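**Student:** If you scroll down you'll find the structure; I have some questions about it.
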Amino acid sequence: MPSSTIPINHINSLFYLCFAKLSKYKMISFSSFKFTLLLPLMVGCLMAASASNFNNDFDITWGDGRGKIVNSGEVLTLSLDKSSGSGFQSKNEYLFGKIDMQLKLVPGNSAGTVTAYYLSSKGSTWDEIDFEFLGNLSGDPYILHTNVFSQGKGNREQQFYLWFDPTADFHTYSILWNPQSIIFSVDGTPIREFKNMESIGVPFPKNQPMRIYSSLWNADDWATRGGLVKTDWTLAPFTASYRNFNADACVWSNGASSCKSTATSTNSAWFSQEMDSAKQQRLQWVQKNYMIYNYCNDANRFPQGLPPECSMS
């Protein structure tokens, strides 16, 4: 299929990405929506999104051939069998940005498997922003596990069910990381916000550039029902797929950021973006209906008292 041809079953997810990008620059809005004016912009954006090339942005780093870039660079797949999983990382490092990736998770009985997609720096006091998808038995929902590490300290887990089947089609998983907050989103709906609370002594990831990493690996000692359900290797290989990566971000290279200054308006809107009232309502809807674990509610885990950021949430 030519890269400029957009399959009809991809239109919904690509439309979201493109509408979000165009509206961010105030090129369109629902109040000024005029189809005849919007159509050329949307077609150009959709064609660009469909032509994103993993060869330009990522390296497959392990798995001995189990990770593959296919369809002329438009799709990346990771596979897991009994011998090994696989993984990749971004060529670039980033210090703040809006990162989007579409994933289609391992279908069927995925118990014991973990698909991890995250940002991370290096060293013993690393920063990290995590999406992890914990597999489950056929018919049982995936668990979306999130965490934030700052200066080597994590233990900030929140877990969610999703309101759709993440194995049936591709969905967009986004991280907005700016000096004010980190916002995790799924198909444009925020599910978690970790605010900068340095004012009360909580370290915030802001000084260490991070790469994007993803891996598919076996974690049947803990991933599904605390390790009670093991990986069924007769179903291997297990495969997860990726497409339509987009990074609207500050690239870190040779000790300097591609963003000119944090104090000027030359950076994109995401650099100062906060959630409006509609996004806040969506966040509350997700956390009320789909959150299944929040470390800030787990007093038994923290007998000396909940972490300080919990008092602000």
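The values are calculated or read from the model by the stated rules, or taken from the named source; none is laboratory data. Predicted, not measured: the structure shown is a model, and the values here were computed from it. Backbone-built Cβ (ideal geometry, glycine too); neighbour counts: all protein chains shown. The protein model used for the area step is the full one, side chains on, heavy atoms only, and it has no ligands, DNA or RNA in it. Shrake-Rupley method; radii C 1.70, N 1.55, O 1.52, S 1.80 Å.
**Student:** For the stretch 124-188, with all protein chains present and a 1.4 Å probe, just round the carbon and sulfur fraction of the accessible area to a whole percent.
**Tutor:** 48 percent
**Student:** Now for a different question. Taking a probe of 1.4 angstrom, what is the accessible area of residue 206 in Å², to the nearest 10?
**Tutor:** Counting only protein heavy atoms, the figure is 80 Å².
**Student:** Shifting gears a bit: Please list 143, 99 from largest to smallest accessible area, probe radius 1.4 Å, with all protein chains kept in place.
**Tutor:** Numbers: 143 35, 99 5 Å².
Ranked list, largest accessible area first: 143, 99.
**Student:** Going by average Cβ density within 10 Å per residue, which order do the peptides 175-186, 226-237 take, highest to lowest?
**Tutor:** Per-residue mean Cβ counts within 10 Å order the peptides as 175-186, 226-237.
**Student:** Of the heavy-atom accessible surface of the stretch 192-313 (probe 1.4 angstrom), what whole percent is carbon and sulfur?
**Tutor:** So the carbon and sulfur contribution to the accessible surface is 48 percent.
**Student:** Give me the 1.4 Å probe accessible area per residue for the stretch 112-232, excluding ligands and nucleic acids, in Å².
**Tutor:** 35 Å²
**Student:** Quick one: order 225, 301, 66 from most to least accessible surface, probe 1.4 Å.
**Tutor:** Greatest to least solvent exposure: 225, 301, 66.
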